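Below is one structure; the comments refer to it alone.
Throughout, read-outs are computed from the coordinates displayed, never taken from laboratory work. Note that the structure is predicted; figures quoted are calculated from it, not measured. So basically every Cβ, Gly included, is an ideal-geometry build from the backbone, and we count neighbours across all protein chains shown.
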């Protein structure tokens, strides 16, 4: 049975012991045992004996986030609240998939802090739509400024610097597409579905994704199939699947495969050589949970199931969508 709020033991990782967050926690839980330590201190032994750890992502380095992830995985009874600032969730992606982690976007309010710390209301859980929507909105403006600055640099930079500016601009555009997918996944699905020719849509999405990338191929099995989809969400879901394989898959070419398989209409990205060389599962960089969660949320909005296949439970080799067998 979890301890009552009044008997809780809390650890706040913040360099300011008398800052706004520490004061708000003391006011919210006046009888709780609250300890405040800077994220750079030797805090893990203190966390082991606590009921709740509160950490501001803007004040935490990568090593602190990794330590917290390791501790929370070993101790499922320990709860954590990440106060997410303008730096976003950079470095904290592995924490997204843990059930004992809650998130609070800055600027926070006393009411929002109460909901998260006491586990009340809608602001709880790593997949909370309101949180993601707020994070997307907060990141859009600085990303637009960064992209504009990079475009100016690209126009003025000497040819020798193109190798630096070009990839940075591509990364900014990739992040913008990911934010657009998150925005779609956290907004009501509405009534934007339409009946489309599956093979024609696959060809169009393939051409959009390819754009000179010779590592991509398109394969369609059997006759075409009619599916009812929201085209924006379909494109976002397949983009999330492609990103999952490009960054965390076995490497090599990717195939956009579509058609009828095992009675289901499917459209998904596949690692062209699933048996190719790759790092052992124990050494592979495990993908952050939010990409699979994003694909699953978009799939549900499309009336489909997420299609995910893994090698050794760690390396993604296929990611996309599967629809129920078409009605006769």
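Roughly what would the spin-label model give for residue 31 and residue 310, points 7 Å off Cα along C-beta, in nm?
4.3
Mind giving me the nanometre distance, one decimal, between the label points for residue 70 and residue 262, set 7 Å out from Cα along Cα→Cβ?
With each label point 7 Å from Cα toward Cβ, the separation is 3.8 nm.
Of 57, 226, how do they rank once you tally other Cβ atoms within 10 Å and put the fewest first?
226, 57
Under a plain spin-label model, where a point goes 7 Å from the Cα along Cα-to-Cβ, how far apart in nm are residue 62 and residue 247?
Output for this residue pair reads 1.4 nm.
What area, in nm² and to one decimal, does the C-alpha convex hull of region 7-126 cast on average over all directions?
6.5
Please arrange 61, 42 by how many other C-beta atoms lie within 10 Å of their C-beta, fewest to most.
Starting with the residue having the fewest Cβ neighbours, the order is 42, 61.
Taking neighbour counts of Cβ atoms within 10 Å as a proxy for exposure, in what order, fewest first, do 206, 290 appear?
Neighbour counts put them in this order, fewest first: 206, 290.
Residue separation times 0.36 nm, minus the C-alpha to C-alpha distance between residue 211 and residue 192: what's the value?
4.1 nm
Antiparallel DSSP bridges in region 7-126: what percent, to the nearest 5?
Close to 0 percent.
Does region 194-323 classify as rounded, prolate or oblate by the C-alpha gyration tensor (a ≥ b ≥ c root eigenvalues; a/c under 1.5 gives rounded; else a/b over b/c gives prolate, otherwise oblate)?
Taking the square roots of the gyration eigenvalues as a ≥ b ≥ c, region 194-323 is prolate.
Order the peptides 14-22, 292-300 from the highest to the lowest mean number of other Cβ atoms within 10 Å of their residues.
The packing order, highest mean first, is 292-300, 14-22.
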